[in-house]
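Data first, discussion second: the structure below is written as structure tokens.
The values are calculated or read from the model by the stated rules, or taken from the named source; none is laboratory data. Note that this is a predicted model, so its numbers are computed, not measured. FYI the Cβ positions are ideal-geometry reconstructions off the backbone, even for glycines, and counts take in every protein chain you see. Accessible surface is based on the protein model in full, side chains and every heavy atom, while ligands, DNA and RNA are left aside. Shrake-Rupley method; radii C 1.70, N 1.55, O 1.52, S 1.80 Å.
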Amino acid sequence: MAAAARAADQGQLDRETLARLAPEVRPGLRLLTGLPRADRWPELRDVALADVLAQCRRLARWTVVDVAPPLEQDEELSFDTLAPRRNGAALTALEAADRVVVVGTADPVGLQRLVRGLDELAGHTVAPRSVVVTRVRPGPVGPDPGRRIQETLTRFAGTGPVHLVPEDQDALDAALLHGRLLAEVRPRSAARTALLGLADEVAGREPQSRRERAAGRSRGWLGRRLAPA
């Protein structure tokens, strides 16, 4: 990301340069890594990052930007496009977003932070949002955690349906240990199934289970048509 921002500052960032800086880690998936140290944040100027995101739209069908939670804006610097802003990268990404996925954790502290974050978010983007709660389990919130979480967020944040990702620590640990995706190490993981549902919604396609059922019906119909009399 730092190299891409420097190229944008120098007017040298194009589709080919970005493709070189964001190599394919697997077919169809490129990765543009973030800053190696937090204290290098001034290198990501708002204008440069906006240029990087514009080139991302040319390079890939989907661009996913992992944004840090602080959204405070320094009013004294908000009209100075040359001065670096501590949270400028997050604010720029939100301004450019077509959709925002807001993530919180399923415990009292995490849910409280999520409610506050949703309130702050309203002032920075008008993009449609999906609310996701991870590590869902009975322990921190009591029995029937999905219902309790949904009711809490509806009451205090006015959310619609919330995507719930169940706690699946063994699967996630295996993915971290091997440096692989859940799809590669635990394809039947409950967490991965929930994330697939979220991906279907964001992509605007029908859930995978429906696609599989439709494919099964199609194969069955074709088999009957091709079977000998």
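Quick notes on this one:
- Lone qualifier among VAL115, VAL103, VAL131 - being assigned to a strand (DSSP E or B), open to solvent by less than 70 Å² (accessible area, probe 1.4 Å) and of a type in the set (Val, Ile, Thr): VAL131
- Sole exception among (1) in contact with a helix residue (DSSP H, G or I) (Cβ under 6 Å, 6 or more places away or on another chain); (2) within 25 Å of ASP107 (Cβ to Cβ); (3) at pLDDT below 95 for GLY160, by number: (1)
- A Cβ distance below 7 Å, combined with a sequence gap of six or more or placement on separate chains, defines the contacts here; from segment 189-201, residues that are over 19 Å from PRO128 (Cβ atoms) and at pLDDT 95 or above reach residues that are of a type in the set (D, E, K, R) and open to solvent by 40 Å² or more (accessible area, probe 1.4 Å) in the pairs ARG192/ARG186.
- Filtered residue count, segment 73-100, keeping only those that are open to solvent by less than 90 Å² (accessible area, probe 1.4 Å), part of a loop (DSSP other than H, G, I, E, B), at pLDDT 90 or above and not hydrophobic (A, V, I, L, M, F, W, C): 1
- Among (1) more than 21 Å from GLY117 (Cβ to Cβ); (2) open to solvent by less than 70 Å² (accessible area, probe 1.4 Å) - the single one ASP170 does not satisfy: (2)
- Every condition in (1) in a helix (DSSP H, G or I); (2) open to solvent by less than 80 Å² (accessible area, probe 1.4 Å); (3) at pLDDT 95 or above holds for VAL165 except the one numbered (1).
- Positions within segment 139-157 being touching a helix residue (DSSP H, G or I) at 6+ places or on another chain (Cβ under 6 Å) and closer than 21 Å to LEU196 by Cβ, in sequence order: PRO145
- Scan of segment 34-66 for residues that are farther than 20 Å from VAL100 by Cα, part of a loop (DSSP other than H, G, I, E, B) and open to solvent by 40 Å² or more (accessible area, probe 1.4 Å), ordered by number: LEU35, PRO36, ARG37, ARG45
- Condition check for GLU151: open to solvent by 70 Å² or more (accessible area, probe 1.4 Å) and at pLDDT below 95: no
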